[in-house]
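For reference, the structure is listed below as structure tokens.
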Amino acid sequence: MNLKQEIAELEDELIELRRDFHRHPELGWQETRTAGIVAEYLRDLDLEVEEEVAKTGVVGLLQGSKPGPTLILRADMDAVPVKEQNDVPYRSQNEGVMHACGHDAHTAMLMVAAKILSRRREQLAGNIKFVFQPNEENEAARHMIEEGLMEDPEVDAAVGAHIWSPLASGKIAVSEGAVMGGLCEFVIDLKGSGGHTSAPHMSRDPILTGSSIIQKAQQIQTREIDPMLATTIVFGQFEAGHSTNTIPETARLKGTLRYLYQGGPESEEKPRERLRRIVDGVCTTDGIEYELEYPVVTPPVYNDPGLAGELKETAAGIVGRENLDDYSCLAGEDFGVFSSYVPAVFFFLGTGNEDKGTDFPHHHARFDIDEDVLKYGVEMHVRAAQNYLGE
Ligand SMILES: [Zn+2]
Ligand SMILES: [Zn+2]
């Protein structure tokens, strides 16, 4: 049977799986129901299955009949804390939690791809690790790797995907280089000394210092880094004070630093170092104590040019060259951790269709996907593995 027919026969199962996960969304690190279903499904395919990898992750190993390299195909399983406003039969039954990022689709597509590839074990030279990752919205890839994901057998490359509503239904984007932003979340704690606003000279005002830091940090983007290298520094929280006539003792600033490059003259550490230099300089000038931390650091998703070129050709064969697109954005994605370890490629599968109401942004309460594109995601996974493992 040819691949397209095989996928067509599994399409009902594919959509049913997606809808089941959609009905029962689980937040990061809590994907126990989802993980259980995935593990059982993979076991039925005779894969070697490991559960509880990084708490709720599942990994299925498919060994081809001949030796060769090892490829990761990765999906994420977590939902987000959004109250669904769609009136659909598969609406979320877990109040306040919703698959509003499309990870339900990622999980379903990879399960069906695993089924098809497991039937073709004889033709595969090498291994496939089907990685069902928890907690993508925060971070889990690093934990999976710390638990040995990249070893035994050693991983040579990785493929990941995201259903993408800003991209029109049926389009696929595979671009070279950085395609999703490196992300550093920062927290700056300032400590001055409090007092009455009528005698500011008796205090050291952390609000004024915080304001200076916010202003001064903008020069990193506009005066220090090549404007052709996308970088943003945005403060999302400024917490300080509790009354109109009191200078508080402390202030806390939080935000994100994002960039779309890896290596080169502006290495990944540099924007962080630049922010530290500015915070240190402003605080020294103002006589304010500070602590600066980066609790979350995710590298950019970096597409290996060779792998991206090949996958682009694969996509052209599936949806037609006229439906290929180029796409990159500054949103963070935990797949960046995989792409910082091995050559990797991440593709966007368009699902935006106004007529079907599937063009709402990700994380929106009305987010939904065009289920007609799921089959393309399955075929991309299957063909990527076949190409890499030389069927
Ligand atoms: Zn998301
Ligand atoms: Zn997502």
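Within region 66-83, restricting attention to residues that are open to solvent by less than 10 Å² (accessible area, probe 1.4 Å) and farther than 30 Å from Gly126 by Cα, the residue that is nearest to ligand 1 (Cβ to nearest atom) is Val80. Scanning region 91-113 for residues that are within 24 Å of Leu10 (Cα to Cα), open to solvent by 10 Å² or more (accessible area, probe 1.4 Å) and either away from ligand 2 (no atom under 11 Å from the Cβ) or outside the structural domain of Ala161 (by TED's automatic domain parsing) (or both) yields Arg91, Ser92.
A single member of Leu190, Leu124 is buried (at least 23 other Cβ atoms within 10 Å of the Cβ), over 18 Å from the mean Cα position of the chain (by Cα) and not assigned by TED's automatic domain parsing to the domain that holds Ala75, and it is Leu190. The single residue among Gly332, Gly264 that is within 21 Å of Met228 (Cα to Cα), within 16 Å of ligand 1 (Cβ to nearest atom) and outside any helix (DSSP H, G or I) turns out to be Gly332.
The one condition from (1) within 16 Å of ligand 1 (Cβ to nearest atom); (2) without any contact (Cβ under 8 Å) to a residue 40 or more places away in the chain that Thr222 does not meet is (1).
Filtering Val49, Val59, Val80 for residues that are within 13 Å of ligand 2 (Cβ to nearest atom), among the β-branched types (Val, Ile, Thr) and assigned by TED's automatic domain parsing to the domain that holds Val155 leaves a single hit, Val80.
Here is the figure for region 151-183: residues that are within 14 Å of ligand 2 (Cβ to nearest atom) and closer than 17 Å to Leu389 by Cα total 1.
From the list Glu176, Glu139, the lone residue that is within 16 Å of ligand 1 (Cβ to nearest atom), under 24 Å from Pro271 (Cβ atoms), open to solvent by 20 Å² or more (accessible area, probe 1.4 Å) and in contact (Cβ under 8 Å) with a residue 40 or more places away in the chain is Glu139.
Considering every residue within region 344-360, establish whether at least one is of a type in the set (Asp, Glu) and outside the structural domain of Met109 (by TED's automatic domain parsing). Checked region 344-360: no residue is of a type in the set (Asp, Glu) and outside the structural domain of Met109 (by TED's automatic domain parsing). Every condition in (1) away from ligand 1 (no atom under 13 Å from the Cβ); (2) in contact (Cβ under 8 Å) with a residue 40 or more places away in the chain; (3) of a type outside the set (Val, Ile, Thr) holds for Gly148 except the one numbered (2).
The values are calculated or read from the model by the stated rules, or taken from the named source; none is laboratory data. The structure displayed is predicted, hence computed values, not measured ones. Every residue, glycine among them, receives a Cβ derived from its backbone with ideal geometry; neighbour counts consider all protein chains shown. Quick note on the areas: whole protein, heavy atoms, side chains included, nothing else; ligands and nucleic acids left out. Shrake-Rupley method; radii C 1.70, N 1.55, O 1.52, S 1.80 Å.
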